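Input: a single structure, listed below in C-alpha cells.
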Protein chains: 2
Amino acid sequence: MKHVLDETVTLLTRTPEVLNALLRGLPESWTMSNEGEGTWSPFEVVAHLIHAERDNWIARARTILDHGESRPFAPFDREGNFEQSRFRSLEELLDEFAQARVESLQQLSAMSLLPPDLEKKGKHPSLGAVTLSELLSTWAAHDLTHMHQISRVMAVQYRQAVGPWSKFLGVMYCTGHSG
Amino acid sequence: MKHVLDETVTLLTRTPEVLNALLRGLPESWTMSNEGEGTWSPFEVVAHLIHAERDNWIARARTILDHGESRPFAPFDREGNFEQSRFRSLEELLDEFAQARVESLQQLSAMSLLPPDLEKKGKHPSLGAVTLSELLSTWAAHDLTHMHQISRVMAVQYRQAVGPWSKFLGVMYCTGHSG
C-alpha cells in the first residue's frame, strides 16, 4: 500500500480517541504496569506520544521543507517526557495528547503539501536520507506500533490469569521486536 | 496480575468503542487488507469477534456452571462468521459487535458470580480442565490479542511506505505468534 496523505491523516486523526476509549478510567493495574525493567507502561507510551507530537513529526517535516538534506534532524529522546509526566494523571496526558494531535494536524494542513513536496528529502541522524512521504507514513505507523505495544503490555498482565489458554493467544508471545 | 472480575468487565466494556474509534469510516485499504493468504483483515477480525460473542464466551461459562467437567465445550469455528459477513459493511459489523457485547455482559452480570464460582472447572476440547476465572480472563485477553492483530495488520500495509524507518517499528516484525 502506497503512502496516501489523506489516508495517513485519517488514521492520525483517530488515535487520540482510540487511546481514550481504551485507557481513560481503566484501573492502574492495567495502565501503570509494564513488561519488566526497562519497558514502558501504557501511561509512559502516552507520555512518549505527546513528546513525539510536540517535538518530532512536525519539526522534522519543517526541517525537510526548509533545509532538505543539509541539516540533519535534531535527535529525539524517546523517554524525554517521562520525568515531567511522572506526577500527572493519565487523563491529563490523554487530554494533552488529543490537543497536541489537533495542533500538529493543523500545522500539517497549513503546509499545503503538494505531491512533489512528498518526495523531498531530509537527513535522519542514523538512517540517512529519508523522504517527507516516509516521515508522514512513519508518523501513522508509529501510532500503530504503540497501539500494538499497549495491547501487548495489557495482555501480558493476564498471562497467568488465562491459564492454559495462553498458548492460543499470540499476543502473549510477542516480544516487541524493537530494533 | 490476578484475574479480578470487575477489571475484566471494565476492559470488555471498552472494546467496541476502541474498534469503533479506530475502524469506522477508515478507507478499505486499511480495513479490508490482510497480511497474505490465510490471514485476516480487520473486517474479518470484527466478524470473528461477533461470532465469539454470540457462540463462545457466555455459552462456555454456562457449560461450566451447569455441567462442570462432565460436558466438554462445543467446538468453536474461528472463521464461522466469515461467509455470512461477506456482503455486510464494516459499520454494520461494528454495530452488531457493540450490541452483542452489551448483551453478553448483561448475561454475565445476571449470573451473579461469587468467588467460589470462578474456581469451577469445565473441559476444553483440546486444553483439558480450565476454570471459569481462566475463561473470563481469556475473554478480555482475546480482545487484546485482536487489537494487537489489527494494529499489526494495518501497520504492515505501510511497510514499504515508511522506508528505512521500518527497522525502528517493532510492529513491522511481528509475525502474530499464533499457536
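Below is a table of values for the structure above.
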| read-out | value |
| --- | --- |
| Angle in degrees between helix A:5-23 and the longest Cα principal axis of chain A, rounded to the nearest 10 | 30 degrees |
| Two-site FRET efficiency, A:Asp55 against B:Glu69, from Cβ-Cβ distance with R₀ of 41 Å, rounded to 0.05 | 0.10 |
| Rounded tilt (10° steps) of A:132-156 against the dominant C-alpha axis of chain A | 10 degrees |
| Fraction in percent of alpha-carbon pairs per bin - 10 Å, the protein assembly as shown | 5, 24, 32, 23, 10, 4, 1, 0 |
| Full-stretch length increase - A:Thr10, A:Ser109 - with 0.36 nm per residue and alpha-carbon distance subtracted | 34.4 nm |
| Under Karplus coefficients 6.51, -1.76 and 1.60, residue-wise ³J(HN,Hα) of the range A:84-96 in Hz, glycine/proline x | 5, 8, 3, 9, 9, 8, 4, 5, 4, 5, 4, 5, 5 |
| Sequence of B:Asp117, B:Asp95, A:Asp143 from largest to smallest accessible area, 1.4 Å probe | B:Asp95, B:Asp117, A:Asp143 |
| Cα-based radius of gyration of chain A once divided by 2.2 N^0.38 Å, which approximates compact folds | 1.11 |
| Local electrostatic count, A:Met111, Cβ distance below 15 Å [Lys/Arg +1, Asp/Glu -1] | -2 |
| Dipole in debye (nearest 20) - the range B:1-125, about Cα centre, beta carbon charges: Lys, Arg +1; Asp, Glu -1 | 460 debye |
| Surface accessible to a 1.4 Å probe, A:Glu7 within the full protein complex, Å² | 40 Å² |
| Quarter of the Cα convex hull surface for the range B:1-40, i.e. its orientation-mean projected area (nm²) | 4.5 nm² |
| Cα lying deepest toward the dipole's positive end in chain B, options B:Met172, B:Met32, B:Gln149, charges on Cβ | B:Met172 |
| Pairs of Cα atoms farther than 14 Å apart, the range B:96-160, % | 73 percent |
| Degrees separating the helix B:42-55 axis from the principal Cα axis of chain B, which is the longest one | 10 degrees |
| Shielding by other protein chains, A:129-138, mean Cβ within 10 Å | 4 |
| 222 nm mean residue ellipticity, helices alone, for the protein assembly as shown (DSSP H n ≥ 4; -39,500 (n - 2.57); rounded to 500) | -18000 deg cm²/dmol |
| For the range A:45-133, radius of gyration divided by Kirkwood radius, i.e. Rg to Rh on alpha-carbons | 1.03 |
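The values are calculated or read from the model by the stated rules, or taken from the named source; none is laboratory data. These numbers were taken from a predicted model, which means no experiment stands behind them. Neighbour counts are summed over all protein chains in view; Cβ atoms, including those assigned to glycine, are modelled from backbone coordinates with ideal geometry. These area figures cover heavy atoms from the full protein model, side chains too; ligands, DNA and RNA do not enter into them. Shrake-Rupley method; radii C 1.70, N 1.55, O 1.52, S 1.80 Å.
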